[in-house]
């Protein structure tokens with residue numbers, strides 16, 4: 001069995017090890033499967049694991065390597081959030097209310113395979129992806145590797161836990177209101193929400209959502225850039241290579257900082273979160289950037305726009321579930337308010353949303369990047385909202401994670417970037433928001449922060465304990 005350090009090497013390094021024939025894909029996949037077997041009983045990051053299929057794919061990757069093929073992810077084990085189709089498998093979306101297996105791979109899974117990746121399993125999520133924690137009646141509670149009594153966030157919490165625990169170097173994720181950035185912040189990962197439509201959602205784009213984007217969770221900025229190069233559509237307005245962008249110096253940037261809660265939400269920043277924001281601002285200044293306070297022009301009149309679109313989207317999506325009687329009571333309750341938003345009102349809300357996006361865009365007339373919190377406090381206790389109703393859970397969530405959904409509405413890229421640790425060793429993070437279609441600046445700036453304040457090699461407590469000599 002390979003040394004556990006290989007499990008933490010990351011996507012790019014594992015791919016390079018295979019390319020140089022220093023390890024085989026079978027060895028990497030066996031290492032991943034062994035770690036899943038050993039650690040996932042407590043974490044519950046995976047809803048399904050495919051050992052026989054993954055080993056067969058690994059052997060095929062090794063044959064391709066022997067034949068001289070060079071692919072960006074050849075032989076590297078990855079995981080897929082259970083929101084994306086894998087042929088022959090049920091895409092459960094965290095619920096037992098879906099029974100029909102997918103007939104073919106989703107486009108993002110096809111692109112992973114085309115790049116040579118080996119899919120080892122599907123990761124857990126809350127029912128229908130509604131919550132910023134990963135817990136459901138169907139799949140149970142998913143736990144944070146940094147503290148198993150806490151949540152890894154959601155809705156891509158299984159993907160985040162799997163990467164943070166070194167079970168896989170990368171996992172596909174999705175973000176409709178923060179669901180890449182929230183678990184990244186909880187688990188000490190880099191999590192980039194790409195520009196809307198940068199990564200294809202087919203066939204899942206049939207739901208009509210214009211907030212959800214697909215992406216990946218990794219430990220390092222470079223690894224996320226590599227994954228985005230594999231997953232993204234080509235675009236004349238994008239970087240020629242996101243990996244090149246991550247390796248480039250960002251230059252001196254104008255960075256606006258806002259710690260204010262959006263109108264219509266109640267909460268306060270925990271002191272350690274406020275400190276992480278201040279420390280990152282100071283670090284950015286030391287790196288030569290101009291950092292200034294900046295207000296976000298989101299007012300009370302904008303609240304009904306976001307809420308109306310949010311609840312109508314939930315209503316439409318939940319209404320298409322096969323066996324709705326099997327949905328959790330809290331899920332069914334979240335679908336009801338959207339019935340009060342008729343098609344005519346929906347059209348007006350979308351028009352007002354375009355105006356909101358234009359107003360928010362004016363922030364970037366004098367800022368290259370905006371920095372905000374991701375969470376109001378560190379990862380909360382797992383099971384905190386267990387047994388609570390829809391209204392109580394929603395209001396609590398709106399106070400814990402209010403900083404993310406605006407950038408799903410505008411569609412522009414945003415990233416959760418690790419920003420140190422609490423005194424008791426839990427990850428902290430900040431959010432960087434870029435101009436529309438400008439993932440390149442976010443990647444280069446985040447990589448500069450990573451070089452100045454490295455995070456990727458720090459491991460959760462259980463892993464560190466096992467690594468110590470007896």
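Values in this text are rule-based calculations from the coordinates and carry no lab data. Here the structure is a predicted model, which is why all the values come from computation and not from measurement. Note that each Cβ is placed from the backbone with ideal geometry, even for glycine, and that neighbours are counted across all protein chains shown.
Does anything in segment 81-105 have its amide N under 13 Å from the 7 Å Cα→Cβ label point of residue 323, and if so which residues?
The answer is 92, 95-101.
At a 10 angstrom cut-off on C-beta neighbours, averaged per residue, how do the peptides 384-392, 154-162 rank from highest to lowest?
In descending order of packing, they fall as 154-162, 384-392.
Would you calculate, for the chain, the mean residue ellipticity at 222 nm contributed by helices, counting each DSSP H stretch of 4 or more residues as -39,500 (n - 2.57) and dividing by all residues, to the nearest 500?
-12000 deg cm²/dmol
Determine, for each peptide in 424-435, 193-204, the mean count of other beta carbons within 10 angstrom over its residues, then list the peptides with the highest first.
Answer by packing, highest mean first, reads 424-435, 193-204.
Among bridges DSSP assigns within segment 4-467, what percent are antiparallel (round to 5)?
70 percent
Between residue 274 and residue 104, with labels modelled 7 Å along Cα→Cβ, what's the label distance in nm to one decimal, could you check?
It is 5.4 nm.
Which of 187, 367 comes first, and how do the rest follow, when ranked by fewest Cβ neighbours within 10 Å?
Sorted ascending by nearby Cβ count, the order is 367, 187.
Nearest 0.05, what FRET efficiency do residue 67 and residue 359 give at R0 = 45 Å with Cβ-Cβ as r?
0.25
Sort 325, 107 by Cβ crowding within 10 Å, fewest neighbours at the top.
325, 107
Based on alpha-carbon centroids, what's the gap between segment 399-458 and segment 123-163 in Å, whole number please?
Here the two parts' Cα centres lie 20 Å apart.
Can you work out the PRE-style zone for residue 137? Point 7 Å along Cα to Cβ, and I want the residues of segment 320-357 with backbone N under 15 Å.
322-335
How many angstrom lie between the Cα centre of segment 2-60 and the Cα centre of segment 190-225?
If you average the Cα positions of each part, the centres end up 23 Å apart.
In nm, give the distance between the simple-model label positions of residue 197 and residue 282, each being 7 Å from the Cα along the Cα-to-Cβ direction.
In this crude spin-label approximation the distance works out to 4.4 nm.
Could you list 396, 139, 131, 407 in order of exposure, starting from the residue whose Cβ has the fewest other Cβ atoms within 10 Å?
396, 139, 407, 131
If I compute Rg and Dmax of the Cα atoms in Å from the structure I just sent, which labelled value in (1) 20.8, 68; (2) 23.5, 74; (3) 24.2, 86 lines up?
Answer by label: (1).
Place the peptides 168-174, 17-23 in order of packing, highest mean first, counting for every residue the other Cβ atoms within 10 Å and averaging per peptide.
Those peptides, ordered most packed to least, come out 168-174, 17-23.
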